[in-house]
Amino acid sequence: QDIDECSTQSCDLYPVDEEEVPTPILERDNAEYDFELDGWVRWDMPTDDYYDAVSNPEAYTAYDGSEIWKFIHGKICFQEELDTELWKLDFNRAVSGLHSSISAHIVEGMVYADEDAPAVDGTELDPVAEYERRLSPRGQNPGAIADLYYGTMLLMCAVREAKERLGAYDYGLDIMGTSGDAVSELVGELLESSVLSDKKVQQAEDNLREHALARPELIWKARLRTRDLLRIMNCVQCNVCRLHGKVGALGVSVAMQILLGDEGRGSDAGRLHRVEIAALVSTLGKFASALQIVQEMEERRSMAAE
């Protein structure tokens, strides 16, 4: 199926120069290309193209991804037995949290967009109104912020479970040339954060596993859906949006893999590949930033109401 690429200039995305990609990263990715066919995650095979998500941040591009999210919530998320099969509801909430994170960064992008930047429907941009519609408890999805918190807690639990792997990992050099020691120091600060061991955060993992263990023979249905979530992101026509959507979908999938494994009891985080580690930590950063954006937008909303 041919997909017309978004023609908006803000969607433009170009790979970094080949010589800027550290050789150790190329070698590691070529060695770690394998994944379990029936696992929680799949990723693209190694290529010569690497993209800088820092220089190309999540932002407002005027791309309308509503049809993609309609498919995700209507076809990939579970629709039946949500009151009795609570693990299905947990899965849906994690996906909704990803949607909320992306929406938050879009709304923030509207705040800093050019004055003449149009809304998706061609009208004048109104970040506060878009926040109300997309994320507020008074909007289209009253549970959006709660699901964002829930997804953040699951990601924090996964990071804590993978603490030994993340702490001992050789980060080498990133694409921008930052030293591995600097990256390790930042990861170390994250791993020592007291919030990772907070009892309320831990409760999210405990509940997730309790719900999954009630029907461990059905967990494969969730694994299938995380793979579908990753695949559908390839249908996003905005290049920047597709990049961040795939990173976020992979990060959530890695978290579910760590916390649940094949039968709801968790998996060996010591086997995480570089791509999985990068997606997990990056996605936690995205969710944490989204929570800060929500707070800022609530303040803007209050000021506008005065």
Item checked: Spherically averaged projected area in nm², based on the convex hull that wraps the Cα atoms of the range 1-124 -> 11.3 nm²
Margin query: Within 10 Å of each candidate Cβ there may be at most 14 other Cβ atoms; applying that plus a DSSP loop requirement, which GluC sites (Glu not before Pro) in the range 193-265 survive?
Written below: 263
Next item on the list: Leaving ligands, DNA and RNA out of it, rank 199, 246 by accessible area with a 1.4 Å probe, largest first.
Entry: 199, 246
Check: For residue 169, what accessible area in Å² do you get when you roll a 1.4 Å probe over the heavy atoms of the protein chains, rounding to the nearest 10?
Finding: 20 Å²
Notebook entry, point to check: If you roll a 1.4 Å probe over the heavy atoms of the protein chains, what accessible area per residue do you get for the chain, in Å²?
Noted result: 53 Å²
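For the range 192-306, what class follows from the C-alpha gyration tensor (a ≥ b ≥ c being the square roots of its eigenvalues): rounded when a/c is under 1.5, otherwise prolate if a/b is larger than b/c, else oblate?
Details: a/c = 1.89, a/b = 1.33, b/c = 1.42.
In terms of gyration-tensor shape, oblate.
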Next item on the list: Assuming a ≥ b ≥ c are the square roots of the Cα gyration tensor eigenvalues, decide whether the chain counts as rounded (a/c under 1.5), prolate (otherwise, with a/b larger than b/c) or oblate.
Entry: rounded
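Classify the range 237-295 as rounded, prolate or oblate from the Cα gyration tensor: take a ≥ b ≥ c as the square roots of its eigenvalues, call it rounded if a/c is under 1.5, otherwise prolate when a/b beats b/c and oblate if not. Don't skip to the end; give the middle numbers.
Values: a/c = 2.30, a/b = 1.61, b/c = 1.43.
Cα axes put the range 237-295 in the prolate bin.
Would you mind telling me the share, in percent, of accessible area of the chain contributed by carbon and sulfur at probe 1.4 angstrom? Provide the component values of the computation, followed by the final result.
On the way: 7910 of 16200 Å².
Roughly 49 percent of what the probe reaches on the chain is carbon or sulfur.
The values are calculated or read from the model by the stated rules, or taken from the named source; none is laboratory data. Note that the structure is a prediction, hence the values are computed from the model and not measured. Note: ideal-geometry Cβ built from the backbone for every residue, glycine included; neighbour counts use all protein chains shown. Accessible surface areas use protein heavy atoms only, side chains included; no ligands, DNA or RNA. Shrake-Rupley method; radii C 1.70, N 1.55, O 1.52, S 1.80 Å.
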